[in-house]
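Q: Take a look at this one; I'll ask things after.
Every read-out reported here was derived from the displayed coordinates using simple, explicitly stated rules and does not represent laboratory data. Model, not experiment: these values are computed from the prediction. Here the Cβ positions follow ideal geometry from the backbone for every residue, glycine too, while neighbour counts run over all protein chains shown.
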Amino acid sequence: MSQSGQQPAIASFRQVLLWPVQLIPQGNDLQIHPYWDYLAATPDTPWNLVQDEFNATSGRFSERRYREFVTFLPFAQRFLYGEGIRGQDDSSYGQSPIRVFTRSDVAQARIKFGGDLEPHLFTVDHTDLYFFYDIDIAILVVEIIGDKLPLDRAMETLFRFGRAYPSHWEQNGQGGHCAEKVEWLDKQGNVLAASDYEQKERYLKFVREQRVPRVASHWEYLLKPLVQHYSDEEGLIRYREIEYQRMPLMSYMAFDDVSCLTRGDLIRLGLVTRPGDSQSLPYSEGFLQDFEARYCYDRYWEPGHEHWGNTRIICNGQSFTVLGSAGEAFFTDKETGIISQFRHQYFLLFLIAHFQKAALLMLSDRLVSAISRLDIDDPESIRDFRKNVRHTLEIFLRFTHRYWFQSVSDQAQSRDLFAMMIRHLDTQELFERTRRRILDMTEYLDSDQLKRHAEIVIRLTVVTTFGLIGTVATGVLGMNLFADADSTPMMKLAYFMAVFVPVTVLTLYTIVKSKRLSVFLDALSDERLSSKQKFMTLFDVWARKKELNE
């Protein structure tokens, strides 16, 4: 509540959810899986490939899209938009690595919160699915709109709507931290899918059997024909969660009177907590003493200022909140105002930051998966392990050069906000940690391979050295020391076999003992050892005790 006792009214409310999921390659050894082609080829799918303005045949190109484009640096432009007509012929660049699909069958979201008599109806502005070339990650994007929303309903929506599954269950059976009921409606108001947070046994059974959480039914519906990897459903594109069950979100709120918000309101909106008394704080004063310095971007926040619309941006990594005045065109103009930047530039900044984090988590998960499947006693398992690690390294190198940006814009506001996002997400540390793990594993494989090659060279050297004895012995047959040129063929064969068999046995025996003989040769060439020590090393070649311990 405000200090006057009335709850601040939100004239325009928007919430954008981004849900990154990890895609699971199926059925072949392709390094790069074209999931977007799989989706496009699926019959009766509600998803349709988005025809971007850059690729439109009408020739129209909006000024709003131009402003979005020039916000980013050239390398980020190539990532987001690809190259133009001439660039398409250049093998270095080409099309954007992003493929976007959209569906239009879901028109509304009906959400009921615990204690409400009636559910609240939101318009679903768009539902999109993002794929990224060479990275097994997809990001579901859902944007809902509400008008004339009370502050406590907005807080409930931000806190409870984007939940993939319950974290626990309340005493009344409702899913903890979740809405009581979420329903997707079509344009005629028919229910397409509904949440099942209250079905506790289904979630418990799934976790017991599969060791992963079960996705709520309405989110499962929205992703179809993608199917959860550990479910019994059949599907070519399978996914599993890569992050926490609470989806990253963006929110835009235009207040009739933004000055009515207390510090407690601002903190609850910025940190996305449940509603509470406006005159209190959701956490301790000590914990929140640096809230403004850590989380608030107050470039345009100055209570009482006449021209800036009194706009505050709050970012904690997992959420991005924009607050302002509904009466200011600076904040609400759909072409040049903050609302336009929120839906385009800021959205792309948030998308890039969370895509980078999800991609790094996916690469880390691949390493864990490769190690967990390794059986050091199975040569086939070892070969698969080497192949998987090499494959992961190749993907990481391509990710680093194609997708890893620490800055994407030189425009002050976009640059600062992106820096806040990656700082709170701790993406830089995650990148370095993933890089070290991949390189450590690669260095181990390289050193192991060099060790095996060195052992092969040593053994071949030993066999060659001792094979000289046999070579000299067989050379005796060609020196004419014995006048056996006129001997019978059987006699000649006997002479040959008399040399061939012992030499063959000696060579094979040398191979068997090559590892120990290499130690003897090394000792024989060591001038620091006495003759006795050298011969003792020779005797060790046949030492039974050592043989058992090797």
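Q: Across the stretch 372-378, in residue order, what do the Karplus-derived ³J(HN,Hα) couplings come to in whole Hz, using 6.51 cos²θ - 1.76 cosθ + 1.60 with θ = phi - 60° and x for Gly and Pro?
A: Values, residue by residue: 5, 8, 6, 10, 5, 8, 10 Hz.
Q: So which trypsin sites (Lys or Arg not before Pro) in the stretch 161-242 pass both tests, a DSSP loop state and at most 16 other Cβ atoms within 10 Å of the Cβ?
A: 187, 211
Q: Could you pull out every residue, at least 5 positions away or on a different chain, whose amide H is within less than 5 Å of the one on residue 127? Hs are placed 1.01 Å off N in the peptide plane, and Pro or chain starts have none.
A: Amide H neighbours of residue 127, under 5 Å, 5+ apart: 103.
Q: A further question on this structure: Please order 260, 178 by the number of other Cβ within 10 Å, starting at the fewest.
A: Ranking 260, 178 by Cβ neighbours within 10 Å, fewest first, gives 260, 178.
Q: Here is a follow-up. Quick one: grab the alpha carbon gyration tensor of the stretch 369-429, order the square roots of its eigenvalues as a ≥ b ≥ c, and give me rounded if a/c is under 1.5, else prolate or oblate depending on whether a/b is larger than b/c.
A: prolate
Q: Oh, and also: So what J values fall out for the stretch 153-162 if you push phi through Karplus, 6.51 cos²θ - 1.76 cosθ + 1.60 with θ = phi - 60°, rounded to Hz, Gly and Pro as x?
A: 5, 5, 5, 4, 5, 4, 6, 10, 5, x
Q: Run the reach check for residue 513 against lysines, Cα to Cα strictly under 20 Å, same-chain hits fewer than 8 apart removed. What comes back?
A: 451, 534, 545, 546
Q: In nanometres, what is the gap between the two model label sites at residue 437 and residue 95, each 7 Å from Cα along Cα-to-Cβ?
A: Rounded to a tenth, the inter-label distance reads 3.2 nm.
Q: Taking a ≥ b ≥ c as the square roots of the Cα gyration tensor eigenvalues, with a/c under 1.5 meaning rounded and otherwise prolate when a/b beats b/c, else oblate, which class fits the stretch 94-239?
A: Cα axes put the stretch 94-239 in the oblate bin.
Q: If you don't mind, there's one more thing I want to ask. Within 10 Å of each residue's Cβ, count the other Cβ atoms and sort 265, 134 from fewest upward.
A: 134, 265
Q: In whole Hz, with x marking every Gly and Pro, tabulate ³J(HN,Hα) for the stretch 209-214 from phi via Karplus 6.51 cos²θ - 1.76 cosθ + 1.60, θ = phi - 60°.
A: 7, 9, 6, 9, x, 8
Q: OK, next. Can you list the residues, at least 5 places off or on another chain, whose amide H is less than 5 Å from the amide H of residue 108, using H built in the peptide plane?
A: Distant-sequence amide H within range of residue 108: 124, 185.
Q: Additional query: Quick one: net charge around residue 9, please, counting Lys, Arg +1 and Asp, Glu -1 for every other residue with C-beta under 14 Å from its C-beta.
A: Counting the neighbours of residue 9, the net charge comes to -3.
Q: Show me the trypsin sites (Lys or Arg not before Pro) within the stretch 289-373 that DSSP assigns to loop and that have at most 13 other Cβ atoms within 10 Å of their Cβ.
A: 334, 373
Q: Further question: Going by the alpha-carbon gyration tensor, a ≥ b ≥ c the square roots of its eigenvalues, is the stretch 283-400 rounded (a/c under 1.5) or, if a/c is not under 1.5, prolate (a/b greater than b/c) versus oblate?
A: Since a/c reaches 1.5 and a/b is larger than b/c, the shape of the stretch 283-400 is classed as prolate.
Q: Let me ask another. Which pairs break 32 Å Cα to Cα here: 148/200; 181/357; 187/334; 200/224?
A: Violating the 32 Å limit, Cα to Cα: 148/200.
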